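Working notes, structure below.
Read-outs: derived from the displayed coordinates by stated rules, not from any lab. All of these numbers come straight from a predicted model, not from anything done at the bench. Neighbour counts are summed over all protein chains in view; Cβ atoms, including those assigned to glycine, are modelled from backbone coordinates with ideal geometry.
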Amino acid sequence: MSKSAVTIVAIALLSAGSAVASPAHVRVAGPLQAQPAAAAPATGSVKAGALVDVVARKGFWAQVRGGGGTGWLKLSRLSLDKGGGAGEIAALASGRMGTGNVVSASGGRGLDAADLTGATPDNAAVAALSSASESAAAQFAAAGNLKARSIAYLRAK
Amino acid sequence: MKARICLALTALLVTGAQAQFKLEDLGNLTKGKSLPAGVGDVLGKVQEYAGSQSADDEVRSGDTIAATVLGAAPVWRNPRVQSYVNLVGRNLARQVERKDVTWRFAVLDTPSVNAMAFPGGIVVVTRGLYRLLASEDELAAVLAHEIAHVNRKHQWKVIQKQKLIAMAGEAVTKGNSDRTAQVVTDLGTKLIARGLDKTAEFEADRDGVVIAARAGYDSSALISVMGRLKALPNNADTSLLFSTHPSPSDRIEAMTEAASAQVEAAAVPSAAAARIKTAQ
């Protein structure tokens with residue numbers, strides 16, 4: 001299949017949301033849980049290399065069918081580079097499609113490495129950049145019912 | 001002291017460190033026993049120097065580097081979107097430690113798919129990326145990653161270290177501030193084209209997830225964004241993004257493995273998710 005055909009399939013799958021089952025290979029063997037939480041009871045297990053159908057994604061978890069059952073596992077236990085390609089993407093981008101088109105056909109200048117090298121600096125544009133005050137931002141958060149919470153930074157694993 | 005640093009660096013460069021010289025590598029070398037006494041001290045001073053530059057310097061340099069990017073891709077003439085992105089960004093920036101930067105956010109009028117941070121607090125998202133985003137949570141995820149780069153001074157530290165090396169190779173630089181500024185701008189522009197190392201990108205992903213979650217957003221929204229990026233072809237619009245970042249799959253894997261129980265509990269769409277529809 002050509003690259004553009006893959007893209008078209010991907011768009012179709014993304015548009016259909018997470019209802020579409022898509023194949024993926026299991027990278028790390030282990031249990032399938034009843035809910036997307038490590039503390040949830042196990043409903044079965046999957047072996048490394050097993051082919052499963054991804055039926056949904058929630059947060060950092062994927063719901064899969066295969067290996068004799070249905071259950072949840074962490075996304076990092078799936079092999080995302082290999083396998084169906086377009087298929088598993090449907091399960092990764094949850095929710096509705098973006099506001100625009102995946103394959104951007106709109107015009108305008110690009111921004112690749114060569115464009116940067118040849119660019120004439122626009123200092124006036126930098127000086128004209130807008131900003132928001134901290135109080136306006138706080139008001140905006142309250143209007144969106146966003147509540148700040150205390151969460152510790154993550155360490156690499 | 002400055003002269004000693006320059007001399008030591010020049011010596012190190014001559015004795016085999018290549019153009020792709022990394023200070024961290026030298027730091028590791030000093031753990032061995034073969035380096036002459038004193039080199040470790042000098043390297044420590046260099047690190048100290050890189051961290052000691054004032055925020056004013058950082059903002060000034062970052063603005064000059066941003067001017068080159070804005071010269072290549074102008075700010076999108078869509079005041080509603082610019083104002084909206086500034087509010088989302090500024091609210092996220094309230095969640096980080098640094099208070100000495102001038103936060104400014106902008107969407108650039110280019111179909112390229114990318115986002116960038118500059119030392120001192122300018123963060124840009126391209127129109128190509130903005131249009132892919134399906135929720136305010138996804139926009140917050142992208143902006144939080146960039147805010148994390150500024151908060152950790154990722155770009156600024158690389159520029160400072162490379163500046164010292166570049167200056168060590170030049171005979172007459174002392175007191176020539178125009179020349180110094182030019183060197184910093186050139187290094188900054190090159191850094192945008194070349195990208196940070198993967199460690200910094202993974203760190204910005206982990207920090208970004210936390211910063212967005214602290215502000216009340218879905219901690220897993222960056223994974224949704226990665227899903228969208230994964231679906232894009234590698235072409236003129238995505239080449240810079242893909243060449244300067246680890247693959248979306250690797251980033252999903254690293255974020256998922258690092259996620260704590262606290263972060264997982266925050267993987268719920270926010271009440272403000274649909275607000276992005278009002279700013280198009």
Around A:ALA29 (Cβ within 12 Å, Cβ-to-Cβ, excluding A:ALA29; K/R +1, D/E -1) the net charge comes to +3
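Could you tell me how many cubic angstrom of Cα convex hull volume segment B:97-190 has per residue?
111 Å³
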List every residue whose amide H lies under 5 Å from the amide H of B:ARG104, counting only residues 5 or more places away in sequence or on a different chain, with H placed 1.01 Å from N in the peptide plane. B:ILE122, B:VAL123
Of A:LYS58/B:LYS99; B:LYS153/B:LYS277; A:LYS58/A:LYS147; A:LYS58/B:LYS230; A:LYS74/B:LYS277, pairs whose Cα-Cα distance is over 24 Å: A:LYS58/B:LYS99; B:LYS153/B:LYS277; A:LYS74/B:LYS277
Placed amide H near B:VAL75: partners under 5 Å, 5+ positions off or other chain: B:ASP109
Segment A:25-37 - phi-based ³J(HN,Hα) in whole Hz, Karplus 6.51/-1.76/1.60, Gly and Pro as x: 9, 7, 8, 10, 5, x, x, 9, 9, 5, 10, x, 7
Using amide H atoms built in the peptide plane, which far-off residues or other-chain residues are under 5 Å from A:ARG57 H to H? A:GLN63
